[in-house]
Amino acid sequence: MRKIRVSRIRFLQPDTFLLDRLALCLIAMLAFALPAQAQFYYFGQNKVQYTDFRWEILKTEHFDIYYYPEMVELASQAGNIAEDGYRYLENKFDININDRIPLILYSSHLYFEQTNTMPGFIPQGVGGFFEYVKGRVVIPYDGSLFELKHVIRHELIHVFTMAKIDRELHDHRMSIDREPPLWFTEGIAEFWSTKWDDQAELVMRDAVLTGYLVPLSQMERIYGTFLMYKEGQNILKFISENYGDDKILLLMDNFWKTSTFEQDFKLTIGMDYQEFDKMWVYTLQKKYYPLLATHDMPSKSSKPIFSEGFNDSPVFYRVNDSTSYVFYIGNHRGYTDVYKQKLNGKSPPEEIIRGERTNEFESFSLPSSKMAVSKKGILAFVSKSGETDVLHLYDIENRSVVDKRLHGISEIGSICFSPDGEKIAASAASMNGYFNLYLYNLESDSIEQLTRGYYDDRDPAWSPNGKWIVFSSDRTLFGNEGYYNLFSLDISSGRIRYLTKGRESDFSPDFVLSPGDTLLAYISNDNGGQNIFVTPLSSRQIPDSIVSYKITNFPTAAFNVSSTDSSQILFSAFEDYSFQIRMIDSIDTRMKKAAVRKIFPVADFDTSWTPAASSASSRAAVPYVPKYTLDIAESEITTDPVFGTAGGAAMALSDMLGNEQYYFLLFNTAETQDEILKSFNIAISKISLAQRMNYAYGIFNFAGRDYDLSDPDIYFYERSFGGYFTLSYPLSRFDRVEATTSLSNTYKELYYGIGERTSLLFSNSIGYVEDNSL
């Protein structure tokens, strides 16, 4: 989650305002939106408005919830969560917010990536943001109501933090032009929005045990990273536990008293950054170093498959008795690709699918999306392609790909093949945002929904007999606390039963074929880490109770287990701030030696929890009508002893969703009183980004004096006026069609008797632009 604070943009420079500078002003205003807005992060690529959203507004006591009708239930829940968060935070911060808070909600990250509330592309790691100029909170839903509560509260803390800081500066008559460092604003947003969970714990463990912990005095080294978020959260947790939670609020109360935040920190806590580092780092070392006496890092207790870069979602495929491969998704050179590597051998990985270069494989959803491979040699994986996720079927022998768009499905999570390879079970969501289990028949190209409701059903694993599916879900009794347990689903009857149960998170199940019996392997959080557990689970029937054995003892984490055909488990391991593909074998032996066992009674699932009733649900929604408010306002006045005074202003307006934008420039370059009327410079532009077809039009009049570069004694008065209209139609993220038409008239009068001339210029262009180099 990131807070976006948009700074003022100064269009005009304190210099002689010549026509070329004024033209640059117009270009700058256009560049702030149209196709160029997609070039803030990726040059030449496009942000495509695939979806025609029909926006509505749900008004609660303090919020305007922007949503589209397909997610009306989700909007109602978001309103309830936001109001609860507001009441909690107004007490925490001891202030209230004067203005209504706009909360713009998207039902998936795929739709969130289309937002025009901020320019440029939104990476998948961004779970929401707070934009300072209009005070907008913009959030995608990821399938979990518990996580939605976390993200909404996280972004609301940014709202309250900025309001608190601005009020302190304003009350003490100081300029509102500075803010706390990012480690503090993101640290407090995490610390006050959620509990200290296993994710935060394993990151800090890894940082201390592998030696990359960054002290507070050097925090700028990791500016904006996820590590900075977690370190900031831990620092404030340390302050709260040792000095009191009120010290965190006091850091904001004292903000106006010093010129730097480090001085504020010393005033409030009583020590500078270096002094604090000695105590904080030593405390972490005392806490985590003893773990190595009872735990083993993944690199010390498993075999490496590939350890460089970011790697995830390993799956196994045997070609013949002597050759087998591991397929996985990895980012080794700045792009996320699909790789193939021999399981037993020293050959380097082979790139088989090049991602993030073409519209077919635009991006991969990691680490939530698991791949699957059938015995027939078909590798199934998911990538974003256009408006939705697409299921890709890669023929391993022929090296060919078939794409499948699942009707009514916008986002796809993990997938698995049926034992006969004819069907695929998938965790997927429609436009309402809820992740349920679906069954896709490859032969009939049909899809069937297996589960329903607001629960977050993930990670399906098909039993070897093909009769039932194991999956992870927050439909457990403890789901409203953020926990996930394992369940079985009988495909023919629809019967759902608990396999694990408790205040723990169990996920990523997969069946292991061992010499003894069929085993179910899965990941479970365990005393701050995430480890691999296995349980004997007959493929014929589910017993009345099951026993799970902990077969790894990592202080950090394992993700996405996948079995081979030889009693081995592949997985992604987190160590040294990287994700490595690793393997453990001799599962039966490890199970017999396991010191930790968990026993779970198997019981039928009934309704476990329901979202709290929403007071927002009784309020009527109103259609969204664009209302324009100011984004940028900048004025400039210059005085010259020879050429006199000149000045003007530039401003920009847009609607709340950022779809419609207006830009205005007014300036006067007169050097004498009689030139005032003919020296007005005006530019007005309208830019529309609401639809897939982006367009802009405007008029301009630029006038002023300039000098002949070849002879500084010759200067001239020049006036250029006209209009333009431009279209841009993105075919995909990587290519588009553009068309521009302009009509202008230029009048030039040269002094010292050289003469004058006028010209009429009409131009138009149309072209195809492609960018797949990045």
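The values are calculated or read from the model by the stated rules, or taken from the named source; none is laboratory data. Small disclaimer: the values here were computed from a predicted structure and weren't measured. Using ideal geometry, Cβ is built from the backbone for each residue, glycine included, and neighbour counts are taken over all protein chains shown. Heads up: the accessible areas ignore ligands, DNA and RNA and are worked out on the full protein's heavy atoms, side chains in. Shrake-Rupley method; radii C 1.70, N 1.55, O 1.52, S 1.80 Å.
Out of the residues in region 564-577 meeting the condition of being of a type in the set (G, A, S) and modelled with pLDDT under 95, tell me which one is surrounded by the fewest Cβ atoms within 10 Å (Cβ to Cβ).
The initial filter retains those residues of region 564-577 that are of a type in the set (G, A, S), namely 566-567, 572-573.
Restricting the remaining residues to those that are modelled with pLDDT under 95 gives 566-567.
Working: S566: 16, S567: 19.
Looking at residues that are of a type in the set (G, A, S) and modelled with pLDDT under 95, I get S566.
Pull out all pairs, ordered by first then second residue, where Cβ-Cβ is under 6 Å, the residues are six or more apart or on different chains, the first lies in region 551-575 and is more than 13 Å from S313 (Cβ to Cβ), and the second is crowded, with 22+ Cβ neighbours inside 10 Å and among the hydroxyl-bearing types (S, T, Y).
Once the first residue is more than 13 Å from S313 (Cβ to Cβ) and sits in region 551-575, its partners that are crowded, with 22+ Cβ neighbours inside 10 Å and among the hydroxyl-bearing types (S, T, Y) give I569/S563; F574/T556; E575/T556.
Residue under question is D655, and the condition is that it be among the acidic types (D, E) and within 26 Å of A78 (Cα to Cα); does it hold? Spell out the reasoning first.
On the way: among the acidic types (D, E): yes; within 26 Å of A78 (Cα to Cα): yes.
In short, yes.
List the strands (runs of 3 or more DSSP E) inside region 677-774, counting only whole elements, that have at least 3 residues being among the β-branched types (V, I, T) and modelled with pLDDT under 90. Outline the logic, then answer.
Details: elements: 680-688, 694-708, 711-730, 735-750, 755-770.
Output list reads 735-750, 755-770.
Would you mind finding the one in G433, G453 that is farther than 21 Å from K376 by Cβ, surrounded by fewer than 17 Cβ atoms within 10 Å (Cβ to Cβ) and not charged (D, E, K, R)? Spell out how you get there, then give the answer.
Working: G433 fails: surrounded by fewer than 17 Cβ atoms within 10 Å (Cβ to Cβ).
Residue meeting the stated conditions: G453.
Report, by residue number, each residue of region 310-334 that is open to solvent by less than 40 Å² (accessible area, probe 1.4 Å) and on the phi > 0 side of the Ramachandran plot.
S313 - this is the single residue of region 310-334 that is open to solvent by less than 40 Å² (accessible area, probe 1.4 Å) and on the phi > 0 side of the Ramachandran plot.
With K627, K598, K592 as the choices, which residue is basic (K, R) and either in a loop (DSSP other than H, G, I, E, B) or under 30 Å from E660 (Cβ atoms) (or both)? Before you say what the answer is, go through the steps one by one.
Values: K598 fails: either in a loop (DSSP other than H, G, I, E, B) or under 30 Å from E660 (Cβ atoms) (or both); K592 fails: either in a loop (DSSP other than H, G, I, E, B) or under 30 Å from E660 (Cβ atoms) (or both).
Only one candidate passes the filter, namely K627.
Could you check, for region 35-51, whether at least one of its residues is modelled with pLDDT under 80, touching a Cys at 6+ places or on another chain (Cβ under 7 Å) and buried (at least 21 other Cβ atoms within 10 Å of the Cβ)?
Residues of region 35-51 that are modelled with pLDDT under 80, as a first pass: 35-44.
Filter once more, so that each one left must be touching a Cys at 6+ places or on another chain (Cβ under 7 Å): none.
No, the conditions are met nowhere in region 35-51.
Quick one: how many residues across region 605-624 are at pLDDT 90 or above and either on the phi > 0 side of the Ramachandran plot or open to solvent by less than 90 Å² (accessible area, probe 1.4 Å) (or both)? Spell out how you get there, then give the answer.
Taking region 605-624 as the starting set, the residues that turn out to be at pLDDT 90 or above are 622-624.
Now restrict to residues that are either on the phi > 0 side of the Ramachandran plot or open to solvent by less than 90 Å² (accessible area, probe 1.4 Å) (or both): 622, 624.
Number satisfying all stated conditions: 2.
Tell me which residues, restricted to region 329-353, are of a type in the set (S, T, Y) and under 29 Å from the mean Cα position of the chain (by Cα). Give the derivation first.
Taking region 329-353 and keeping what is of a type in the set (S, T, Y), we get 335-336, 339, 347.
Scanning region 329-353 gives Y335, T336, Y339.
Can you name the condition, by its number, that P180 falls short on among (1) surrounded by fewer than 23 Cβ atoms within 10 Å (Cβ to Cβ); (2) touching a residue at least 60 places away in the same chain (Cβ under 8 Å); (3) in a helix (DSSP H, G or I)?
Unmet condition: (3).
Taking the stated definitions as given, is G502 touching a helix residue (DSSP H, G or I) at 6+ places or on another chain (Cβ under 8 Å) and within 25 Å of R205 (Cβ to Cβ)?
Working: touching a helix residue (DSSP H, G or I) at 6+ places or on another chain (Cβ under 8 Å): no; within 25 Å of R205 (Cβ to Cβ): yes.
Answer is no for this residue.
Would you confirm, using the coordinates I've provided, whether D321 is of a type outside the set (G, A, S), free of Cβ contacts under 8 Å to residues at least 60 places away in the same chain and closer than 26 Å to H392 by Cα? Can you show your working first?
Numbers: of a type outside the set (G, A, S): yes; free of Cβ contacts under 8 Å to residues at least 60 places away in the same chain: yes; closer than 26 Å to H392 by Cα: no.
When the stated conditions are applied, D321 does not pass them.
Exactly one of (1) surrounded by fewer than 14 Cβ atoms within 10 Å (Cβ to Cβ); (2) assigned to a loop (DSSP other than H, G, I, E, B) is unmet by D403. Its number?
Failed condition: (2).
Evaluate region 499-506: report whether one residue or more is closer than 23 Å to S313 by Cα and aliphatic (A, V, I, L, M).
No; the residues of region 499-506 include none that is closer than 23 Å to S313 by Cα and aliphatic (A, V, I, L, M).
Listed residues T535, T476; which is touching a strand residue (DSSP E or B) at 6+ places or on another chain (Cβ under 6 Å) and in a loop (DSSP other than H, G, I, E, B)? Show your work before the answer.
Values: T535 fails: in a loop (DSSP other than H, G, I, E, B).
The match here is T476.
Would you tally the residues in region 280-299 being free of Cβ contacts under 8 Å to residues at least 12 places away in the same chain and either more than 19 Å from G528 (Cα to Cα) or not in a helix (DSSP H, G or I) (or both)?
Result for region 280-299: 1.
When only residues in region 625-639 that are touching a strand residue (DSSP E or B) at 6+ places or on another chain (Cβ under 8 Å) and either among the basic types (K, R) or surrounded by fewer than 12 Cβ atoms within 10 Å (Cβ to Cβ) (or both) count, which is modelled with the lowest pLDDT?
Within region 625-639, the subset touching a strand residue (DSSP E or B) at 6+ places or on another chain (Cβ under 8 Å) is 626, 628-639.
Next, from what is left, pick out any that are either among the basic types (K, R) or surrounded by fewer than 12 Cβ atoms within 10 Å (Cβ to Cβ) (or both): 629-630, 637, 639.
Details: T629: 94, L630: 93, I637: 84, T639: 76.
If we take residues in region 625-639 being touching a strand residue (DSSP E or B) at 6+ places or on another chain (Cβ under 8 Å) and either among the basic types (K, R) or surrounded by fewer than 12 Cβ atoms within 10 Å (Cβ to Cβ) (or both), then T639 is modelled with the lowest pLDDT.
May I ask you to list the residues in region 643-663 that are without any contact (Cβ under 8 Å) to a residue 24 or more places away in the chain and open to solvent by 60 Å² or more (accessible area, probe 1.4 Å)?
Going residue by residue through region 643-663, those that are without any contact (Cβ under 8 Å) to a residue 24 or more places away in the chain are 645, 647, 649, 651.
Selection gives T645, M651.
Considering only residues of region 196-235 that are more than 23 Å from E481 (Cα to Cα), within 22 Å of the chain's Cα centre (by Cα) and among the hydroxyl-bearing types (S, T, Y), which is surrounded by the most Cβ atoms within 10 Å (Cβ to Cβ)?
Applying the filter and picking the extreme gives T225.
Within region 456-470, restricting attention to residues that are surrounded by 17 or more Cβ atoms within 10 Å (Cβ to Cβ) and of a type in the set (G, A, S), which residue is farthest from H392 (Cα to Cα)?
Per the criteria, the residue is S463.
Scan D457, D420 and give me the residue that is within 19 Å of D490 (Cβ to Cβ) and out of contact with any strand residue (DSSP E or B) (no Cβ under 9 Å at 6 or more places or on another chain). If you could, list the steps in order and put the result at the bottom.
Numbers: D457 fails: out of contact with any strand residue (DSSP E or B) (no Cβ under 9 Å at 6 or more places or on another chain).
Going through D457, D420 in turn, just one is within 19 Å of D490 (Cβ to Cβ) and out of contact with any strand residue (DSSP E or B) (no Cβ under 9 Å at 6 or more places or on another chain): D420.
Could you tell me whether any residue of region 331-345 is among the hydroxyl-bearing types (S, T, Y), under 20 Å from I581 (Cα atoms) and part of a strand (DSSP E or B)?
Just the residues of region 331-345 that are among the hydroxyl-bearing types (S, T, Y), to begin with: 335-336, 339.
Next, only the ones that are under 20 Å from I581 (Cα atoms) stay: 335-336, 339.
Still in the list and also part of a strand (DSSP E or B): 336, 339.
Yes, the conditions are met somewhere in region 331-345.
Quick one: which residue in I396, I415, I409, I424 is among the hydrophobic types (A, V, I, L, M, F, W, C) and touching a Gly at 6+ places or on another chain (Cβ under 9 Å)? Let's see the steps before the verdict.
Numbers: I415 fails: touching a Gly at 6+ places or on another chain (Cβ under 9 Å); I409 fails: touching a Gly at 6+ places or on another chain (Cβ under 9 Å); I424 fails: touching a Gly at 6+ places or on another chain (Cβ under 9 Å).
The unique qualifying residue is I396.
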